[in-house]
């Protein structure tokens, strides 16, 4: 277990041996023009606008916040309202979807379409934050938090397709994806919807890569 996680534990009331898998990582969201996040004020008094990235629904990311993608995965999510009484089913493979009566009709809009499935990506991230963030791990005087980002539909294509291409090149050089430093941005698409973009912004040091590995491996 990393020293940083041990520090987090020392401030809490829990007792016992915990790892990074046993606390809820902050979730990253992209604010859309229509939705529960748009127009909200953060504890710092900042108003959330469409195109902003936000952690834990209340911490607005700065445009120059560095992001490291530790890993990403793909699954298939049922096309029903995730806030409804019935929770959408999720499967890891196309074979599982078909075995459970599902289909891949990608022409259907987002909404109430039981048995209809589309790909969704889960990204494990290390994001640069301020020292005041609830989970702020110090590395060289800068602070970072582990986080989770779920991307679907247009965001899935924009982010996961891009990461697949980048990782293919890294594998040739036998380098981990976490060696790459990214910046996030959002681009207005049809009907005021925003699509996230991920852009290379440099290379992380071997020491930082090891720091990230120690957090996610603990």
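Just so you know, in region 83-98 the residues that are surrounded by fewer than 13 Cβ atoms within 10 Å (Cβ to Cβ) and within 20 Å of the chain's Cα centre (by Cα) include one that is modelled with the highest pLDDT, and it is 92.
Looking at region 135-145, can you tell me whether even one residue there is closer than 18 Å to residue 26 by Cα, buried (at least 16 other Cβ atoms within 10 Å of the Cβ) and touching a helix residue (DSSP H, G or I) at 6+ places or on another chain (Cβ under 6 Å)? Yes; the residues of region 135-145 include at least one that is closer than 18 Å to residue 26 by Cα, buried (at least 16 other Cβ atoms within 10 Å of the Cβ) and touching a helix residue (DSSP H, G or I) at 6+ places or on another chain (Cβ under 6 Å). When region 178-209 is filtered for residues that are part of a helix (DSSP H, G or I) and either loosely packed, with under 12 Cβ neighbours inside 10 Å or under 15 Å from the mean Cα position of the chain (by Cα) (or both), the ones remaining, listed by number, are 178, 190, 191, 192, 206, 207. Just one of the listed residues (45, 102, 12) is at pLDDT below 85 and either within 30 Å of residue 136 (Cβ to Cβ) or touching a strand residue (DSSP E or B) at 6+ places or on another chain (Cβ under 6 Å) (or both), and it is 12.
On inspection, residue 54 passes the criterion of being surrounded by 13 or more Cβ atoms within 10 Å (Cβ to Cβ) and either at pLDDT 90 or above or not in a strand (DSSP E or B) (or both). Residues satisfying the criterion are absent from region 169-176 (criterion: touching a strand residue (DSSP E or B) at 6+ places or on another chain (Cβ under 6 Å) and either without any contact (Cβ under 8 Å) to a residue 40 or more places away in the chain or crowded, with 16+ Cβ neighbours inside 10 Å (or both)).
The values are calculated or read from the model by the stated rules, or taken from the named source; none is laboratory data. Model, not experiment: these values are computed from the prediction. Please note: Cβ atoms are built from the backbone with ideal geometry, for glycine as well, and neighbour counts cover all protein chains shown.
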